[in-house]
Amino acid sequence: MKPIRKHFDREFALPMRLSYKETKSPTHELPDHHHEWYEFVYVYEGKGSFFIDQAFYEMRPGDVIVIPGNTVHRAFPDQEKPVTSSALFFGPELIHSRAHLPQEAQAYLQLFETAKQQKQYHYALSREHCDILERDLDALRSEWQPERPDAEQALSLLLHLILLHLNRYCLPQTLPAASSSSIPQWLGEALAQIDQHLFDPLELNRLAARATVSPAHFSRVFKQRLGMNLTEYLSAKRIFAARDRLLRTNHKVEQIALECGFDSLPHFYRTFKKYTQATPSAYRKRAREQGFPVNGEQ
């Protein structure tokens, strides 16, 4: 399924939006999507996983997820203990337009640029740093009042302070420059091949041969870069696609299983329950009860 492009409504002239301490059920999260604005997510409680730029990351209290602009991503809150988080979105022009020198803007956005270059989007904060960031977000929320004549100036200053704090607390966790780089070209091509043929039979030996590396090397680098092995990755992406079809169509479960590359219905049920803690029918029913619209419904 092609990622969707998200657009933002504005309460201010500022290119900024705050989702403050929201708890979302898995059925109300967007599918794979991207947007021009930068985004970071701070987790207060709950658990789940985040899919960013072809890799999966676990979410726990005190975690920060950094998402540069135009990066495909998606959140997967746990069904039983969904994540409560704050997400701040902002256009990069908000930083560049207020910087006196280009180096100043680059300094504030350093964490996002580092995340993009090193493919490291997940950070864990100490309790002390969590408290500071939570106070920053509380202050941002208290200033989120469009009727105030100086609200935009206050929000802009607080955004810069938050970015300064994120740089201080997260950048020391990044990988040394000498040991990090963008993913190998062959792996990028393999991931593109997987996306294009996700529901077709995809075997390790064939993917490795196409990449001109040994199956052992393919497996080792794949697990190292994406956080799971090839089989787990294929299962997760196919189940996420099946979840979307369950929620957005009225197709039968058996049809969706076949469409998403599962030739065994029992295997589909087991895998689906592993990732969602529910059967496909129960998952769809719960979503309908929560008011999730099917395509074509009002």
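The values are calculated or read from the model by the stated rules, or taken from the named source; none is laboratory data. Just so we're clear, the structure is a prediction, and the values are computed from it rather than from any experiment. Here Cβ is always computed from backbone atoms with ideal geometry, including for glycine, and neighbour counts include all displayed protein chains.
Quick notes
- Look at region 71-91: where a residue is within 17 Å of Leu140 (Cα to Cα) and a partner is basic (Lys, Arg), sitting 6+ places away or on another chain with Cβ atoms under 8 Å, you get Ser85/Lys21; Ser86/Lys21; Leu88/Arg17; Phe89/Arg17; Phe90/Arg17.
- Only residues that are more than 19 Å from the chain's Cα centre (by Cα) and of a type in the set (Gly, Ala, Ser) were counted in region 101-140, giving 4.
- When region 72-95 is filtered for residues that are outside any loop (DSSP other than H, G, I, E, B) and either in contact with a strand residue (DSSP E or B) (Cβ under 6 Å, 6 or more places away or on another chain) or not assigned by TED's automatic domain parsing to the domain that holds Lys21 (or both), the ones remaining, listed by number, are His73, Arg74, Ala75, Phe76, Pro77, Thr84, Ser85, Ser86, Ala87, Leu88, Phe89, Phe90.
- For Met228, the conditions (1) part of a helix (DSSP H, G or I); (2) in contact (Cβ under 8 Å) with a residue 60 or more places away in the chain; (3) under 19 Å from the mean Cα position of the chain (by Cα) are fulfilled apart from (1).
- Residue match in region 201-212 (condition: surrounded by fewer than 17 Cβ atoms within 10 Å (Cβ to Cβ) and closer than 30 Å to Pro15 by Cβ): no
- Any chance Gln173 is in the same structural domain as Ala105 (by TED's automatic domain parsing), farther than 21 Å from Val64 by Cβ and loosely packed, with under 14 Cβ neighbours inside 10 Å: no
- Tally of residues being farther than 24 Å from Asp32 by Cα and of a type in the set (Gly, Ala, Ser) across region 195-237: 6
- Residues of region 250-264 that are in a helix (DSSP H, G or I) and more than 19 Å from Lys285 (Cα to Cα): Leu258, Glu259.
- Here Gly69 fulfils each of the conditions (1) closer than 23 Å to His7 by Cβ; (2) in a strand (DSSP E or B) apart from (2).
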